[in-house]
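One structure is given below, encoded as structure tokens.
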Amino acid sequence: VRKLRTLESFARTEEDAGLDIARAARSVRDPALVAHLERHARDEMKHAELFRRRATELRAQGIDAPREEQADRSYDLELARGREALNAHGFLASGACDEQGEIAYVAFLHVAEKRADALFRRHSRELGADEKTRAIFAEIQRDESYHVAYTGTLLERWKRAGRGAEVARALSAARGSEFLGAWKRLGVRSATGFAHALLFLSYWTWVLPFGLLARRFRPRAGWREPLAARTDERALHSQY
Amino acid sequence: MHVLGISAFQRDSAAALVRDGELLAVLAEERFSRSPHEAGFPRRAVRACLARAGIEPQELDAVAFAEKPSRCFERLLQEELSRFPRSWRSFPKLQLSWLGERLWARGRLATEIGVPSNRVLFVESQRARAAWARLCSPAERTAILVSDEAREWATTTLARADGGALEVLGEVHAPHGLCRFAAESARALGLAWDR
């Protein structure tokens, strides 16, 4: 089940990354960068397809896990990010190229691809006898190596062109955002655990009498006056 | 006048844009995320709606959210309490998810879309569905019956539409309701209630 969920989550992340990189390819002018980004976007979509196909095969073998889309939480408190905000390898803001420029974007990609490469290597080692999934990871890692290489080459080229300070700033921002993200996630996970414990305690202390009272409450069946009778503008502004 | 309608944080999130009573765009987020029954905030659907109309978020006159979050929370809290002590596992989860985000819908909508918070309006989900049925009907005068899973208290709503006016005549409140009955029957038979 864990493997299935991981594959489905990777498929989603790769697809989001592919969409964002394809969008970035449309917004940059440098023809070499456009070509690299277009190939990169195609690779990401291919990876998503490979992960998804393998997940479908696992589901067909009888492994079942609740699909991610069935969760009604739009914000994942444990991961400290919006579920829908998942994007290029998990920490690159969607549309970042338009907002930050091409050097920052390529630096982010470079750091993200290195991280993804290490992550896939780690997962590949944990697969045991599952050769089929390992083959998928191996294929993807070949592409990841190319992604790390071309982003590195471009950054080097910009450095030689006298934009070294800009490149260094972008790289440290990318690494910093990864660290900051991990720090935030740690903070939110601890807070979530603490809140869980607190709510559990509350449930058995001050909520208890309300719970006992509520058990005596018998909801009235049948038609009743609508709560939605108020239609004035004040009612529309109210969350209640 | 531009009004953006939003359905979010439950399955099938979507956005719709109406200009002077004319429907310009209706887009489901799942078409962008390619994730069936996408439940997240329909950010991409909203962007696409605005792009289709050729307007900026600041030009929206109102953003209508198809739910009254506080009333929804009140019902869920009541249901959790009435299941005491069997709700000891679900209670903290529900509180975290609602207190963490869903209860603060106004701020989230205003920030996500980029409109002042006083332009965010809240419509009961069943009333929104009744309005949708009315707008799809060619008849001038219609009786409308909405039956669905409860979001706020109502699980069944009877309404009368006359021209542009919609009058809610009566409601059946949770835990009673046809959909709840169907869901519980399905669950008793070992079926997934939502399939």
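Please indicate, with yes or no, whether at least one residue in segment A:76-90 is open to solvent by 80 Å² or more (accessible area, probe 1.4 Å), over 17 Å from A:LEU154 (Cβ atoms) and modelled with pLDDT of 80 or more. Walk me through it before giving the result.
Of all residues in segment A:76-90, those open to solvent by 80 Å² or more (accessible area, probe 1.4 Å) come to A:78.
Retained after the next criterion (residues that are over 17 Å from A:LEU154 (Cβ atoms)): A:78.
If we keep only those that are modelled with pLDDT of 80 or more too, we end up with none.
Checking segment A:76-90: not a single residue is open to solvent by 80 Å² or more (accessible area, probe 1.4 Å), over 17 Å from A:LEU154 (Cβ atoms) and modelled with pLDDT of 80 or more.
Name the residue that is farthest from the other protein chains (Cβ to nearest Cβ), counting only residues in segment A:178-217 that are in contact (Cβ under 8 Å) with a residue 60 or more places away in the chain and of a type in the set (D, E, K, R).
In this case the residue turns out to be A:GLU178.
Can you name the number of the only condition in (1) more than 10 Å from chain B (Cβ to nearest Cβ); (2) within 25 Å of the chain's Cα centre (by Cα) that A:TRP158 fails?
(2)
Go through the residues of segment A:123-144 one by one and say whether even a single one is under 19 Å from A:VAL34 (Cα atoms) and at pLDDT 90 or above.
Yes, segment A:123-144 has at least one match.
So which residues in segment B:31-52 are facing another protein chain (nearest Cβ under 9 Å), over 19 Å from A:ALA48 (Cβ atoms) and basic (Lys, Arg), if there are any at all?
Of everything in segment B:31-52, just one residue is facing another protein chain (nearest Cβ under 9 Å), over 19 Å from A:ALA48 (Cβ atoms) and basic (Lys, Arg), namely B:ARG43.
Output the number of residues of segment A:51-75 satisfying the condition of being at pLDDT 50 or above, open to solvent by less than 70 Å² (accessible area, probe 1.4 Å) and out of contact with any Asp or Glu (no Cβ under 7 Å at 6 or more places or on another chain).
Number of matching residues: 7.
When the residues of segment B:154-195 are filtered to those that are among the acidic types (Asp, Glu) and more than 11 Å from chain A (Cβ to nearest Cβ), which remaining residue is farthest from A:ARG220 (Cα to Cα)?
Taking segment B:154-195 as the starting set, the residues that turn out to be among the acidic types (Asp, Glu) are B:162, B:167, B:171, B:184, B:194.
Now narrow it down to the ones that are more than 11 Å from chain A (Cβ to nearest Cβ): B:162, B:184.
Numbers: B:ASP162: 30, B:GLU184: 19 Å.
Residue satisfying both the conditions and the ranking: B:ASP162.
Which residues, counting only those in segment B:136-149, are in contact with a strand residue (DSSP E or B) (Cβ under 8 Å, 6 or more places away or on another chain), more than 12 Å from every other protein chain (Cβ to nearest Cβ) and of a type outside the set (Asp, Glu)?
Within segment B:136-149, the subset in contact with a strand residue (DSSP E or B) (Cβ under 8 Å, 6 or more places away or on another chain) is B:137, B:140-149.
Remaining after also requiring more than 12 Å from every other protein chain (Cβ to nearest Cβ): B:137, B:140-144, B:147-148.
Within segment B:136-149, B:SER137, B:ARG141, B:THR142, B:ALA143, B:ILE144, B:SER147 qualify.
With the condition being at pLDDT 85 or above, in contact with a Cys (Cβ under 7 Å, 6 or more places away or on another chain) and open to solvent by less than 60 Å² (accessible area, probe 1.4 Å), I'd like the strands (runs of 3 or more DSSP E) fully within segment B:133-195 carrying at least 1 qualifying residues. Give the derivation first.
Working: elements: B:141-147, B:154-162, B:165-173.
Where strands (runs of 3 or more DSSP E) fall fully within segment B:133-195 and carry at least 1 residues being at pLDDT 85 or above, in contact with a Cys (Cβ under 7 Å, 6 or more places away or on another chain) and open to solvent by less than 60 Å² (accessible area, probe 1.4 Å), they are B:141-147, B:154-162.
In this structure, is A:GLU178 open to solvent by less than 70 Å² (accessible area, probe 1.4 Å) and acidic (Asp, Glu)? Let's see the steps before the verdict.
Numbers: open to solvent by less than 70 Å² (accessible area, probe 1.4 Å): yes; acidic (Asp, Glu): yes.
Spelling it out, A:GLU178 is indeed open to solvent by less than 70 Å² (accessible area, probe 1.4 Å) and acidic (Asp, Glu).
Test B:LEU94 against the criterion of being in contact with a Pro (Cβ under 6 Å, 6 or more places away or on another chain) and under 30 Å from A:ALA195 (Cα atoms), and give yes or no.
Working: in contact with a Pro (Cβ under 6 Å, 6 or more places away or on another chain): no; under 30 Å from A:ALA195 (Cα atoms): yes.
No, not satisfied.
Which condition from (1) open to solvent by 60 Å² or more (accessible area, probe 1.4 Å); (2) closer than 21 Å to A:ARG52 by Cα; (3) charged (D, E, K, R) is the one that A:ARG157 breaks?
So the condition that A:ARG157 fails would be (2).
State which residue is nearest to the other protein chains (Cβ to nearest Cβ) when the search covers only segment B:120-132 and only residues that are assigned to a helix (DSSP H, G or I) and either touching a residue at least 12 places away in the same chain (Cβ under 8 Å) or open to solvent by less than 60 Å² (accessible area, probe 1.4 Å) (or both). Can you show your working first?
Residues of segment B:120-132 that are assigned to a helix (DSSP H, G or I), as a first pass: B:125-132.
From what's left, either touching a residue at least 12 places away in the same chain (Cβ under 8 Å) or open to solvent by less than 60 Å² (accessible area, probe 1.4 Å) (or both): B:125-131.
On the way: B:SER125: 10, B:GLN126: 7, B:ARG127: 5, B:ALA128: 10, B:ARG129: 12, B:ALA130: 9, B:ALA131: 11 Å.
Only one residue tops the list, namely B:ARG127.
Is there a residue being out of contact with any helix residue (DSSP H, G or I) (no Cβ under 8 Å at 6 or more places or on another chain) and either farther than 19 Å from A:ALA112 by Cα or of a type in the set (A, V, I, L, M, F, W, C) (or both) anywhere in segment A:140-148? Show your work before the answer.
At the first step, the residues of segment A:140-148 found to be out of contact with any helix residue (DSSP H, G or I) (no Cβ under 8 Å at 6 or more places or on another chain) are A:142.
Okay, now just the ones that are also either farther than 19 Å from A:ALA112 by Cα or of a type in the set (A, V, I, L, M, F, W, C) (or both), so none.
No, segment A:140-148 contains no residue that is out of contact with any helix residue (DSSP H, G or I) (no Cβ under 8 Å at 6 or more places or on another chain) and either farther than 19 Å from A:ALA112 by Cα or of a type in the set (A, V, I, L, M, F, W, C) (or both).
Go through A:PHE200, A:PHE194 for me and flag whichever is surrounded by 14 or more Cβ atoms within 10 Å (Cβ to Cβ), assigned to a helix (DSSP H, G or I) and modelled with pLDDT of 85 or more. Step through it out loud before you land on a result.
Details: A:PHE194 fails: surrounded by 14 or more Cβ atoms within 10 Å (Cβ to Cβ).
Only one candidate passes the filter, namely A:PHE200.
If you check A:ARG234 against the conditions, is it basic (Lys, Arg), at the interface with chain B (Cβ under 10 Å from one of its Cβ atoms) and surrounded by fewer than 13 Cβ atoms within 10 Å (Cβ to Cβ)?
Answer is no for this residue.
The values are calculated or read from the model by the stated rules, or taken from the named source; none is laboratory data. As the structure is a computational prediction, the values presented were derived from the model and not from experiment. Neighbour counts run over all protein chains shown; Cβ positions are idealised from the backbone, glycine included. Remember, those area values only see protein heavy atoms, side chains included, never the ligands or the DNA or RNA. Shrake-Rupley method; radii C 1.70, N 1.55, O 1.52, S 1.80 Å.
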